[in-house]
1. Going through segment 194-207 one residue at a time, which ones are over 21 Å from the mean Cα position of the chain (by Cα) and of a type outside the set (K, R)?
2. Would you check which residues across segment 79-92 are surrounded by fewer than 22 Cβ atoms within 10 Å (Cβ to Cβ) and within 16 Å of the ligand (Cβ to nearest atom) and list them?
3. For the list (1) touching a residue at least 24 places away in the same chain (Cβ under 8 Å); (2) away from the ligand (no atom under 16 Å from the Cβ); (3) outside any helix (DSSP H, G or I); (4) in contact with a helix residue (DSSP H, G or I) (Cβ under 6 Å, 6 or more places away or on another chain), I need the number of the one condition that F182 fails.
4. Report, by residue number, each residue of segment 124-142 that is part of a loop (DSSP other than H, G, I, E, B), open to solvent by 10 Å² or more (accessible area, probe 1.4 Å) and in contact (Cβ under 8 Å) with a residue 24 or more places away in the chain.
5. Among the candidates R146, R228, R161, R198, which residue alone is surrounded by fewer than 20 Cβ atoms within 10 Å (Cβ to Cβ), within 16 Å of the ligand (Cβ to nearest atom) and touching a residue at least 12 places away in the same chain (Cβ under 8 Å)?
6. Only one of these is in a strand (DSSP E or B), of a type in the set (A, V, I, L, M, F, W, C), over 21 Å from N190 (Cα atoms) and touching a strand residue (DSSP E or B) at 6+ places or on another chain (Cβ under 6 Å): V288, V268, V252. Name it.
7. Given the structure, is A76 farther than 24 Å from G62 by Cβ and open to solvent by 10 Å² or more (accessible area, probe 1.4 Å)?
8. With respect to A100, is the statement that it is open to solvent by 40 Å² or more (accessible area, probe 1.4 Å) and hydrophobic (A, V, I, L, M, F, W, C) true?
Amino acid sequence: MGAVDRRGPSRGAARDGRYLGAAVRIDQIEAEPRLAEAVLRDCASLTPEIDMKWDALQPGPGEWRTGPADGLVAFARQHGLAVRGHTLLWDQSTPAWVRARLERDPGDWSLVADYFKTVLGRYGAFVDEWDVVNEPIDTGVRDNLRATVFRKAYGPDYVARALHEARAHAPHARLVVNDYGFDYDNPVENARRAAFLRLLEDLKARGAPLDGVGVQAHLDLGKGPLKRELLAPFFSRIADLGLGIAITELDVKEHDLRGDVAERDRQVADHVQAYLDIALEQASVTGVTTWGLSDRHSWLQKKPVRPTASPAGLNRGLPYDGALTPKPVYWTIQQAMLDAKASPMLTNR
Ligand code: XIL
């Protein structure tokens, strides 16, 4: 085999300076040379799918498991790729010992302060953007803040406080709040967009060091069409607050996993095309990360299948199929990145 084909048509970063990235796991990259090649061909930015979450990094008090995150960061550095730090505070990835401590001693911020100090101290120099708080919002609850372990322990100010804490240890990184469920026209997602905007306005009004937002964009063919009249104003209201917007976890959930594969792939590609048409029109969108590259590794996979097995059961919502062959949505994403207009935010940096 000759030299690795280093870059696909979009060269990871589009002509306008926006980046294309993917969530990855270093164990999978190391085990699968073809996955590593795809990563190097397509990505300018990597997000650790699992390895930088609190329960992965610190499974017990005083017990650190930094090997996988170190490996991922080393791989990114070796190949000149950016890293998105995902994620400092997320209810779902909070280790049991932290939960127990916070239940016993709510209000003890030292846990968070010590954790941020260690993680940002270790990775700060190599990570240009942090999802400081992941999935903070909810609807139909007090303050529209999800009743997470952190909301319960520290009260509604915890998001601002976490941003300040992160800034103290990461003076130059872009600090981001990342959330999901903004994409469709239904009562829940309409309320979630409004709740997210209120949170952002509140954080800005109070001077919290917030640089941008992450819009996860876990799309779902079962949730109906994407509506420009809802999404475009959502993006522009975020931009009007002076915030950058990263599309952080793009993938597409299918519902009929046994239908005609060509037809399914066309629907996935069309849906992503519609989404990126709207998102990339907004100049403050800095880049797009897919939540994985190959369907074989997708968190949306319904049941384990071998790479060569029948596609039934495998959600086909990522750029490559289970055998690492690019699908129509791969070319849709590549072309959308090439077509996208310049992002002044990035070129001014
Ligand atoms: C998911 C990973 O993909 C899974 O492998 C893991 O078991 C749970 O987390 N929103 C997020 C991501 O912000 O961190 C989640 O990743 C997917 C939903």
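The values are calculated or read from the model by the stated rules, or taken from the named source; none is laboratory data. No experiment lies behind these values; they were computed from the predicted model shown. Don't worry about glycine lacking a Cβ; one is built from the backbone with ideal geometry, like all the others, and counts go over all protein chains shown. Side chains included, ligands, DNA and RNA excluded: accessible areas come from the protein's heavy atoms. Shrake-Rupley method; radii C 1.70, N 1.55, O 1.52, S 1.80 Å.
1. Correct list: E201, D202, A205, G207.
2. W90, D91, Q92
3. (2)
4. Residues satisfying the conditions are D128, E135, D138, T139, G140.
5. Being surrounded by fewer than 20 Cβ atoms within 10 Å (Cβ to Cβ), within 16 Å of the ligand (Cβ to nearest atom) and touching a residue at least 12 places away in the same chain (Cβ under 8 Å) holds for just one of R146, R228, R161, R198, which is R146.
6. V288
7. For A76, the condition - farther than 24 Å from G62 by Cβ and open to solvent by 10 Å² or more (accessible area, probe 1.4 Å) - is not met.
8. yes
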